[in-house]
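Heads up, the thing below is written out as structure tokens.
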Amino acid sequence: MKLPYGYGLNGEEIVVYEEKADVVRNIFEYYLAGASLGKIVDMLFTKGISSPTGNPRWTRAAVDKLLTNKKYIPIVGMRVYLDAQFERERWYNVDYDKVGHPRKAVRYQSPSLETK
């Protein structure tokens with residue numbers, strides 16, 4: 001069984017590795033602050049944080065997969081996880097017709113990103 005990034009085995013028990021859990025929290029934090037997947041990849045590379053496969057550089061697909069994995073709810077919390085899902089949807093929910101005009105006039109804005 002392959003465990004998600006940030007988790008490990010302590011005997012038979014699955015545990016959270018705090019150092020890697022902090023990386024996961026940072027990824028969610030940067031994403032919710034408006035950083036693109038590419039900017040997050042660059043940030044991880046600049047900080048010298050290896051990808052889950054051990055490569056020196058993460059891929060945008062790996063970051064995207066991490067952001068959608070429900071197994072990170074115990075690390076980041078339900079609210080942060082759901083805000084990230086709403087934010088992902090905000091980026092993907094504008095559909096364009098054949099001429100290139102948006103079909104939706106309004107895009108979803110995550111409640112946590114609204115100015116007060």
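If the condition is being within 17 Å of residue 19 (Cα to Cα) and touching a residue at least 12 places away in the same chain (Cβ under 8 Å), then the range 47-57 contributes 49, 52.
Taken over the range 8-42, the criterion of being closer than 19 Å to residue 79 by Cα and assigned to a helix (DSSP H, G or I) is satisfied by 21, 22, 23, 24, 25, 26, 27, 28, 29, 30, 31, 32. For the range 66-77, taking the residues that are closer than 14 Å to residue 23 by Cβ and in a helix (DSSP H, G or I), the one that is nearest to the chain's Cα centre (by Cα) is identified as 67. Here 111, 74, 102, 52 are screened, and the one residue that is at pLDDT below 95 and surrounded by 13 or more Cβ atoms within 10 Å (Cβ to Cβ) is 52. Annotation: of all residues in the range 77-99 being surrounded by 10 or more Cβ atoms within 10 Å (Cβ to Cβ) and among the basic types (Lys, Arg), the one that is modelled with the lowest pLDDT is 90.
Screening the range 5-14 for residues that are in contact (Cβ under 8 Å) with a residue 60 or more places away in the chain and over 13 Å from the mean Cα position of the chain (by Cα) and picking the one that is surrounded by the most Cβ atoms within 10 Å (Cβ to Cβ) gives 6. Among the conditions (1) assigned to a helix (DSSP H, G or I); (2) at pLDDT below 95; (3) touching a Leu at 6+ places or on another chain (Cβ under 9 Å), the only one that residue 63 does not satisfy is (2). Are any residues in the range 43-60 among the hydrophobic types (A, V, I, L, M, F, W, C) and part of a loop (DSSP other than H, G, I, E, B), and if so, which ones? Hits for the range 43-60 are 49, 58. When we screen 63, 41 for residues that are under 10 Å from the mean Cα position of the chain (by Cα), closer than 21 Å to residue 7 by Cα and crowded, with 19+ Cβ neighbours inside 10 Å, the only hit is 63.
Within the range 15-38, the set of residues being more than 17 Å from the chain's Cα centre (by Cα), within 20 Å of residue 53 (Cβ to Cβ) and open to solvent by less than 90 Å² (accessible area, probe 1.4 Å) comprises 16 only.
The values are calculated or read from the model by the stated rules, or taken from the named source; none is laboratory data. Since this is a predicted model, take the numbers as computed values, not measurements. Reconstructed Cβ throughout: ideal geometry from the backbone, glycine too, with neighbour counts over all protein chains shown. Accessible surface areas use protein heavy atoms only, side chains included; no ligands, DNA or RNA. Shrake-Rupley method; radii C 1.70, N 1.55, O 1.52, S 1.80 Å.
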